[in-house]
Amino acid sequence: MHATKRLTFYNAVDSPFPHRVRLALEEAGAKYDVILIDLYNKPDWYGKKVYPVAKVPVLVYGGPALNEDDAPSPEAATISESLVILEFLADLFPNLLPVDPVLRARARFFIKTADEKFSKAFFKFVLAGGSMDDMLDAVMEMQALLPNTGFAVGKWSIADAAFVPFLLRLESLLKNKFWAFAEGVAEKTLTELHAPKFAKIRSYLEDNVARESMTRTWDEFRQMAALAQIDRRTRRASAQNSTLSSSQPSVSVPQQWKDLV
């Protein structure tokens, strides 16, 4: 089966969740329209006309071409939640999951582990002062699921789309010394990740970054600029509440990060 109806993708370029979906769309060779949602200034029409929860991503299947403030057609399917969208795309584009039922089961287990363990460890570590050891344990757990070569289940699949946006951002945040980390944490964690025991997952990340789908969907400079914007806003809010310390910023999770799926 393949997509015979129009695909409209509501995207936010700063988030790993819609990045999952866009990678899958690119790998499928799908034709799709993109409507960008600014997480820092979310338009009212999005919650009123598209998705009442106002989270991203959303994929609309069917209906006419949409302008950014249009409501999807009643005949169209509006699909939310990044992992649900990935499964939907795998039904539309069979190349996104293996045919073999055992490999399909492994792909889904990989996705479950990435979502329930790695992504939670990622957000706790990055935004809530979680421990480096817990983050590294999550990396090791994902590495243990990888084959010696290739992708999550051999050929690239939605399992990789579910995981790589988080692994990629972890590496980028550490390399760029993200503001929310305590002094020295980024450098120490990055050194650990580049130790020989993590060689397999580093090779896996490099293979994903080299794919054309990643070239089309990842702009590290753009990501860091967006995070710098969050930094400025968080520091201003902290300063107003007299809770900001110059050596250890008081970290509160911005609403934009809470509004992701």
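The values are calculated or read from the model by the stated rules, or taken from the named source; none is laboratory data. Since we're looking at a predicted model, the values are computed, not measured. So basically every Cβ, Gly included, is an ideal-geometry build from the backbone, and we count neighbours across all protein chains shown.
Tabulated data
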{"quantity": "Of all residues in region 203-223 being assigned to a helix (DSSP H, G or I) and buried (at least 16 other Cβ atoms within 10 Å of the Cβ), the one that is modelled with the lowest pLDDT", "calculated": "GLN223"}
{"quantity": "Given (1) closer than 30 Å to PHE122 by Cα; (2) surrounded by fewer than 19 Cβ atoms within 10 Å (Cβ to Cβ); (3) in contact with a strand residue (DSSP E or B) (Cβ under 8 Å, 6 or more places away or on another chain); (4) not hydrophobic (A, V, I, L, M, F, W, C), number of the condition PRO57 does not satisfy", "calculated": "(2)"}
{"quantity": "Selected residue (criterion: surrounded by the fewest Cβ atoms within 10 Å (Cβ to Cβ)) from residues of region 151-167 that are over 16 Å from the mean Cα position of the chain (by Cα) and outside any strand (DSSP E or B)", "calculated": "TRP156"}
{"quantity": "Which numbered condition ASP33 fails, given (1) modelled with pLDDT under 95; (2) over 24 Å from ASP115 (Cα atoms); (3) of a type in the set (Asp, Glu)", "calculated": "(1)"}
{"quantity": "Unique match (being of a type in the set (A, V, I, L, M), within 19 Å of the chain's Cα centre (by Cα) and farther than 30 Å from MET224 by Cβ) among ALA24, ALA54, ALA65, ALA90", "calculated": "ALA90"}
{"quantity": "Output for region 97-120, where each listed residue is under 22 Å from ALA30 (Cβ atoms) and surrounded by fewer than 14 Cβ atoms within 10 Å (Cβ to Cβ)", "calculated": "VAL99"}
{"quantity": "Residue check for ILE111: assigned by TED's automatic domain parsing to the domain that holds TYR51 and either in contact (Cβ under 8 Å) with a residue 24 or more places away in the chain or over 20 Å from the mean Cα position of the chain (by Cα) (or both)", "calculated": "no"}
{"quantity": "Residue match in region 82-96 (condition: within 19 Å of PRO16 (Cα to Cα), without any contact (Cβ under 8 Å) to a residue 60 or more places away in the chain and surrounded by 16 or more Cβ atoms within 10 Å (Cβ to Cβ))", "calculated": "yes"}
{"quantity": "Given (1) surrounded by 14 or more Cβ atoms within 10 Å (Cβ to Cβ); (2) under 30 Å from GLU187 (Cα atoms); (3) small (Gly, Ala, Ser), number of the condition ALA144 does not satisfy", "calculated": "(1)"}
